[in-house]
Amino acid sequence: MNKILRSMIIFLMFRIGQRKLLFIGSIITITFALLQIKTRHYQSMAMDSSLPDTNHLEIPPLIADKQSEAYKVGPLTTLLNSSSQLVDSNAVVQEKVKITQKRKRQMDVIKPNTSITPKFSCDPERRRMRYLKDLKTLSPQEALIYAKKEINTVSFAIDDHDPNLYAPLFRNVSIFKRSYELMELILKVYIYQEGKRPIFHTPYLRGIYSSEGWFMKFMESSKQFVTRDPQKAHLFYLPYSARQLQHAIYVPNSHNIKPLSLFLRDYINKLASKYPFWNRTHGSDHFLVACHDWVYDQYLYLTIIRIDCLFLPSLFYFQGPYTLKEHEELTKNTIKTLCNADTSEGVFIAGKDVSLPETTIGNPRRPLRNMGGKKASQRPTLAFFAGGLHGRVRPILLKHWANKDDDMIISGPMSYKRSQSMSYSVHMKSSKYCICPMGFEVNSPRIVEAIYNECVPVIIADNFVPPLNEVLDWSAFSVVVDENDIEKLKEILLAIPVKRYRIMQQNVRMLQRHFYWNRTPVKYDMFHMILHSIWISRLNQVQVP
């Protein structure tokens, strides 16, 4: 057979010629190729005739479930056309899905109206950005209502661990954490620029009244919470210093603080005439921060009390009105953040006003100097107090306990020389309990000093609202003694079990971070905790529809 084909090719080559033979071969090859392509096209159409037309399928977007916050895929819907065979084939495809050979099993039938919950979740950072964007679209009032609703829905059973928060210190750590997060996301404060220095915008950072100055310093420098647009503000800050007001206006030995009251009254009236914000709420969304012993020095009387054959001076006084009282709305409506958180005088209103911690800062460059203390087992002294005898409580304390018991170191003021001042701190660090009696006012810097030295504070001041009382459980790390029970002081302290004392002392150590004035504000420190208390006071005013 091969010989015959070879003979025919040789015969054609000689008879027809190579060029003609090449031309004929090319035509045959092209014709064959075209036939193959056309045949394959018809075969492909025949094979795919059972598949649905994807142009008639509608695929809805992902739908968010508000309750579960999961994402669900909506059902597929097929538009009907004139071909019944096409509809039937669509149903077949949607009803049956084969699994891969590796799993070797079949899935359940998926009907057209079945919603599918995917196993993937949205990117947390993307969701957070969308969350922030939505919050920014709310008006200040709407944002406050939203925040209050969110806080009210927090469960007491939530275990939301945060290494910077120690749950035993708080009334409810989950509620506090959620409220604090919302404050960081939402709160904007507008600071009035009116007012001349040094009374306004000049923080005083030294001494026992320095809390107002440190707060002013950090508030005015905050980029996170301060806004220059009053229309976006949830709170309005009155940036005056009570300490600087006294230095600038009060005339020594004049026995008259009315000029201070008139000065503040005129300041508020000026703001009310220039801006609409005060009159809009009558000052209820405005706040001030002040720390001072607001007394009339004209009512101070020097008396002599005989204590164990010693005649010690004591100052008794009649409480004078605050310098705020010349302006009625300032007194009743404004959120007052005060060291003198005394509910018996009718000025400080619990639940609306905020108790400001009174802190002693010796060196503003080193506000956290000399912090810490000894362990519970290295504190031989039961109780310690040393200080001036002003006010109604301290003379009684010394009368019953000065030089009466070796376990109770109770004395008058110590010298403020360097060597003696160090011994004051050493006594605090070596005592189990530090007595914190009221002075001219119910507040005392010894409460914060005790916390700094890891000494359990013993508060003796009736009608006193402790600092940060909105969120902190003071029974977890302090002892409150009624003024009438001073003579039973040692009995009360000895009745506390050793295990209970160790827990309280540990809690005081964990509490310190919330009472620190850091040179730069840190999350959950004193500045942020005070601001959070003001934030809570503002939320308490909001009526949820």
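The values are calculated or read from the model by the stated rules, or taken from the named source; none is laboratory data. Note that the coordinates shown come from a computational prediction; the quantities given were computed from them, not determined experimentally. Because the Cβ atoms are built from the backbone with ideal geometry, glycine has one as well, and the counts that use them run over all protein chains shown. To get the accessible areas, we keep the full protein, side chains included, count just its heavy atoms, and leave off ligands, DNA and RNA. Shrake-Rupley method; radii C 1.70, N 1.55, O 1.52, S 1.80 Å.
At-a-glance table
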| item | result |
| --- | --- |
| Contour excess over end-to-end distance, with Cα ends at residue 206 and residue 132 and 0.36 nm allotted per residue | 22.8 nm |
| Accessible surface of the stretch 396-545 [probe 1.4 Å, protein heavy atoms]: carbon and sulfur percent | 52 |
| Stretch gain in nm, segment residue 7-residue 407, where the contour uses 0.36 nm per residue and the Cα spacing is subtracted | 130.7 nm |
| Summed residue charge, Cβ within 15 Å of residue 263's Cβ, Lys/Arg positive, Asp/Glu negative | +4 |
| Environment charge of residue 475, counting only residues whose C-beta is closer than 12 Å and scoring Lys/Arg +1, Asp/Glu -1 | +1 |
| Accessible area of the stretch 150-276 belonging to carbon and sulfur atoms, whole % at 1.4 Å probe | 51 |
| Ranked packing of 237-244, 23-30, 373-380, most packed first, by mean Cβ within 10 Å | 237-244, 373-380, 23-30 |
| Backbone HN-Hα couplings from phi across the stretch 464-472 [Karplus 6.51/-1.76/1.60, Hz, Gly and Pro as x] | 9, 9, x, x, 6, 5, 4, 10, 8 |
| Linear extension gain, residue 139 paired with residue 220, 0.36 nm per residue minus alpha-carbon span | 26.8 nm |
| Mean Cβ neighbour count within 10 Å, used as a protection proxy, ranking 224-235, 336-347 highest first | 336-347, 224-235 |
| Ranked order, 220, 483 - accessible area, probe 1.4 Å, largest first | 220, 483 |
| For the stretch 415-545, the Rg and Dmax computed from alpha carbons only, in angstrom | 16.5, 61 |
| Estimated inter-spin distance, residue 125 and residue 266, nm [label 7 Å along Cα→Cβ] | 5.5 |
| Residue 369-residue 540 pseudo-label distance in nm [points 7 Å out on the Cα-to-Cβ vector] | 3.7 |
| Placed amide H near residue 472: partners under 5 Å, 5+ positions off or other chain | 171 |
| Phi-based couplings in Hz for the stretch 427-438 (Karplus 6.51, -1.76, 1.60; Gly and Pro marked x) | 4, 5, 6, 9, 10, 6, 10, 10, 6, 10, x, 5 |
| In Hz, Karplus ³J(HN,Hα) per residue of the stretch 526-531 (6.51, -1.76, 1.60; θ = phi - 60°; x = Gly, Pro) | 4, 4, 5, 5, 5, 4 |
